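Bear in mind these aren't lab numbers, they're just calculated from the coordinates by the rules spelled out. Since this is a predicted model, take the numbers as computed values, not measurements. Note: ideal-geometry Cβ built from the backbone for every residue, glycine included; neighbour counts use all protein chains shown.
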Amino acid sequence: MQLSSFVNEHFSYYHEFHEDFAKMIDHKLHYHSDLLEITYIMRGDVRIRTELGTYEIEPYDIFVARPNEMHGIARIGGTPYDRRNIYIKESFFKANRCEHYLTFLNEHAFISSSVINAKRSQFDIVGLINSFENCVRSGNTDDILLESMIVQYLYMIMHSGDESSEKLKKNEKINDVIMYINEHITEDIQLDRIAAELYINKQYMCKIFKKYTGFTIKNFITEKRLQMVNELYRQDINLLEASLRSGFKSYSSFYRAYIDRYGCAPQKRMGVS
């Protein structure tokens, strides 16, 4: 159930609550190509999965996912679930003259992903988030006010103690498969070759990979290649070249994969002329 929300041209905010945790849907690994996502967990027994591993989340934890960083939430308990999400577009940082924040978040070792706890921060992050929620609920949604609060939020996150290394639990087999895929993404990747290289049974590998990520290995490879095409296209590389650089055998194989994934042609979704 969505308790409150607000959207403007630079960011969106959603407060989601589930009393019946059993009805909450697990989110398979996904990414946002041009959004910084900040998830604040107030209540709920959840884990956040990433390519690096699984983060054990506790109340008041804040999880930060960079653009193009794959992540997903998995439920592990039956307690009520309460979270607040902010999705920040890259245009936000320019509009609010804080481009150096985005540079820091993208380049600093601070994130890969990052988890901090609002209660243990030296800043009153909980108070700031509650003030933001109160503004949205009361209809006091002046863009300047809300965006200035998000800038404060980002500052507090960047200067609070990162607890990601303590909370990260790795599945070495899954990590090895993902690392192999990332290192060979532009090549012809075969399941038999992965299993042989990693000394793992192919059927078992496929089973645990699907359970952990929500993807089959083949679909994960396609997802990573589509992600790579999106990034190359944003660097003004045409779709034909971008698709070939990303490991697709031809433009037509990329085109079919894109329609299967997004339900429309790349020219429509990406604004290609």
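Some notes on this structure:
- Among the listed options (1) 54, 45, 34; (2) 49, 38, 38; (3) 55, 38, 30, the one matching Cα extents along the principal axes in Å as calculated from these coordinates is (1).
- 19 Å Cα-Cα reach of K89 towards aspartates and glutamates, excluding residues that sit fewer than 8 places from it in its own chain: E9, D34, E37, E69, E99, E107, D142, D143, E147, E231
- Highest mean packing first, where packing is the average number of other Cβ atoms within 10 Å per residue, the peptides 262-270, 60-68 line up as 60-68, 262-270.
- The range 1-152 shape via C-alpha gyration tensor axes, a/c threshold 1.5: oblate
- Relative to the longest principal axis of the Cα atoms of the chain, helix 172-183 runs at roughly 70 degrees.
- Residues Y101, Y55, sorted so that the one with the fewest Cβ neighbours within 10 Å comes first: Y101, Y55
- Folded to 0 to 90 degrees: helix 217-234 orientation relative to the chain principal axis, Cα: 70 degrees
- Inter-centroid distance (Cα atoms) of the range 181-210 relative to the range 51-88, Å: 27 Å
- In straight-distance terms, cross-link reach from K210 covers every one of the lysines whose alpha-carbon lies under 22 Å from its own, apart from those fewer than eight places away in the same chain; here that gives K23, K28, K169, K170, K173, K202, K218, K224.
- Relative to the longest principal axis of the Cα atoms of the chain, the long axis of helix 143-158 lies at roughly 70 degrees.
- Of all lysines in the structure, the ones whose alpha carbon falls short of 19 Å from that of K119, not counting any fewer than 8 places away in one chain, are K167.
- Dipole magnitude for the chain: computed about the Cα centre from +1 point charges on Lys and Arg Cβ and -1 point charges on Asp and Glu Cβ, it is near 900 debye.
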